[in-house]
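Notes follow the structure.
Just so you know, all these numbers are worked out from the coordinates, no wet-lab data involved. Nothing here was measured: the structure is a model prediction, and the numbers come from that model. Note: ideal-geometry Cβ built from the backbone for every residue, glycine included; neighbour counts use all protein chains shown.
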Amino acid sequence: MRRHKGFSLLEILVAFAVMAIALTIVLRIFGSGVNAAVVSEEYMLATQIAESLMARTGVETPLQVGETNGVEGNRFYWRIRITRVAGPPVNQARFKSQQQETPPGLELLAVNVRVNWGEDALRQRWLELDNLKLFREQAPL
């Protein structure tokens, strides 16, 4: 009787099944890595936008109590909210010696910058930055 050399059909099917499972696992790992890179890039861009808006507030745009909205790159929706901060001014001890509660013309403002992005409500992401800025009211001329 002659022996056949080679693989049986069952051995080939098992090999293909093992290969398919291994490829599925590898593709999922690469897919999640690419997804994480995209999300990381979006957070980086949102952080740059928020930091830029925070730096411009009070320099290029007036430091006024209220809210401003806008869009950057048709993807990132931003909001700047400026509110008054109740409480003592910075370095209160210096002004107590002069018997003053508040330095004249100075006001402490809270600046909140929020950047939203995402395709739909389920995948909505956001980033928020908060800062305090000291504002000096201009004396009328």
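Provide the FRET efficiency to the nearest 0.05 for the W126-A86 pair, computing r from the beta carbons and using R0 = 30 Å.
On the way: r = 27 Å, r/R0 = 0.88.
Efficiency at R0 = 30 Å is approximately 0.70.
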Q. If you plug each phi of the stretch 105-116 into the Karplus form 6.51 cos²θ - 1.76 cosθ + 1.60 with θ = phi - 60°, what whole-Hz ³J(HN,Hα) values come out, in order, with x for Gly and Pro?
A. x, 9, 9, 9, 10, 9, 10, 10, 10, 10, 10, 10
**Q.** Rg followed by Dmax, in Å, when the stretch 1-71 is reduced to its Cα trace
**A.** 28.7, 98
